[in-house]
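Values in this text are rule-based calculations from the coordinates and carry no lab data. No experiment lies behind these values; they were computed from the predicted model shown. Cβ coordinates were reconstructed from backbone atoms using ideal geometry, including for glycine residues, and neighbour counts include every protein chain displayed.
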Amino acid sequence: MRYLLMTLLSLGSLVAVSSGLAATSKDTFDLQGEVYPTAFKIEMKNAANRKLTTVKAGTYRIKIEDPSAIHNFRLVGPGVNTATSVAGKSEPIWTVRLKKGTYKYLCDPHATIMKGTFRVT
């Protein structure tokens, strides 16, 4: 009986640890921005993986995928001006408070062709 109790307690601990590893706060995000390493393309998507056109004002976790050494990802709008580096490759998650207005995202070296906007209501 004692052996069975110890076994059950051990299994319970393993289940608790395993379920805690499923999704950490580092893995969760509300919006996603991306620049492509081999193309002159930049985009932002919503949680449904669709092109971001409008979002409600509030605080968002934005995952940026920047695997390119010739592009960067910059987000500019009311109270926000943040970017990844051009030479570096990174996948940061930014916590950003979006206020009402128009926001633009762009690649600094190629801003004339790599750009987009969305509205915050």
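Quick notes on this structure:
- Cleavage-rule hits, trypsin sites (Lys or Arg not before Pro), segment 43-112, DSSP coil, Cβ neighbours within 10 Å at most 15: Arg50, Lys56, Lys89, Lys99, Lys100
- Label-to-label distance, nm, for residues given as Thr112 and Arg61 (7 Å Cα→Cβ offset): 3.9
- Backbone HN-Hα couplings from phi across segment 77-87 [Karplus 6.51/-1.76/1.60, Hz, Gly and Pro as x]: x, x, x, 10, 7, 9, 8, 8, 7, 6, 6
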